[in-house]
Amino acid sequence: MGDAGPGGRGLAAGHPELAGADDALLRRAFGRTAFVHLRRDDVLAQAVSWLRAEQTGRWTDTAPDAVDGAGPVTGEPRYDPDGIDELLRTITAHQAAWNGWFTRYGITPHRVRYEDLAADPVGVTRGVLDALGLKSVGVPVRPRHARQADVLNAEWIARHRAGT
């Protein structure tokens, strides 16, 4: 696997006989594999959220029980249409690369839309568990993150769509 593959250089270095066969390399390293492909339909909203996280250092919410606990704010958010455009290109390239990778190896991932996950985190999580052949065995599914998008995100999205 090259640098861009999901397995990274470490796996390829350990199994040089499988160079270029990402699917076989992953199965060798991990056994039975299954893939969940999380994507966002509204890539502009994704780009805005990403830019804002980069600018502020806030990648998660600030709830006390957040999984990784947000650190201190490292900067102020500022509307940057060029930065948004660059992230739109990056997101589009990443999606194309993943779709190409899945096609190349004949993999049909369990696809999850971010918008569905945000609207119904419990139901979507149960769907992922079912797709992976896992049972939740009575363990409650409890979201531990909240969406960070707010009025500022909506304003930036509207400005970008308007070209201002």
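Computed quantities for the displayed model
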item	result
So Arg27, is it closer than 19 Å to Trp98 by Cβ and at pLDDT 90 or above	no
Every pair of residues 6+ apart whose Cβ atoms lie under 6 Å, when the first sits in segment 148-161 and is more than 13 Å from Arg78 (Cβ to Cβ) while the second is among the acidic types (Asp, Glu)	Gln148/Asp61
Selection status of Gly163, touching a Pro at 6+ places or on another chain (Cβ under 9 Å), among the small types (Gly, Ala, Ser), more than 25 Å from Asp22 (Cβ to Cβ) and modelled with pLDDT under 95	yes
Residue under evaluation Gln95, criteria (1) closer than 15 Å to Leu38 by Cβ; (2) modelled with pLDDT of 95 or more; (3) in a loop (DSSP other than H, G, I, E, B), criterion not met	(3)
Subset of segment 150-164 (residues that are surrounded by 15 or more Cβ atoms within 10 Å (Cβ to Cβ) and either touching a Lys or Arg at 6+ places or on another chain (Cβ under 9 Å) or within 18 Å of Val36 (Cα to Cα) (or both))	Asn153, Trp156
Unmet requirement for Pro143, which otherwise passes all of (1) within 19 Å of the chain's Cα centre (by Cα); (2) part of a helix (DSSP H, G or I)	(2)
Subset of segment 124-149 that is within 26 Å of Val48 (Cα to Cα) and at pLDDT 90 or above - its residue that is surrounded by the fewest Cβ atoms within 10 Å (Cβ to Cβ)	Thr125
Residues located in segment 80-109, provided they are open to solvent by 30 Å² or more (accessible area, probe 1.4 Å), among the aliphatic types (A, V, I, L, M) and more than 16 Å from the chain's Cα centre (by Cα)	Ile107
2 or more residues of a type in the set (S, T, N, Q), closer than 15 Å to Leu88 by Cα and open to solvent by less than 60 Å² (accessible area, probe 1.4 Å): qualifying helices (runs of 4 or more DSSP H) within segment 5-60	43-56
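The values are calculated or read from the model by the stated rules, or taken from the named source; none is laboratory data. From a predicted model like this one, the values you see are computed outputs, not experimental measurements. Reconstructed Cβ throughout: ideal geometry from the backbone, glycine too, with neighbour counts over all protein chains shown. Only protein heavy atoms, including side chains, enter the accessible area calculation; ligands, DNA and RNA are left aside. Shrake-Rupley method; radii C 1.70, N 1.55, O 1.52, S 1.80 Å.
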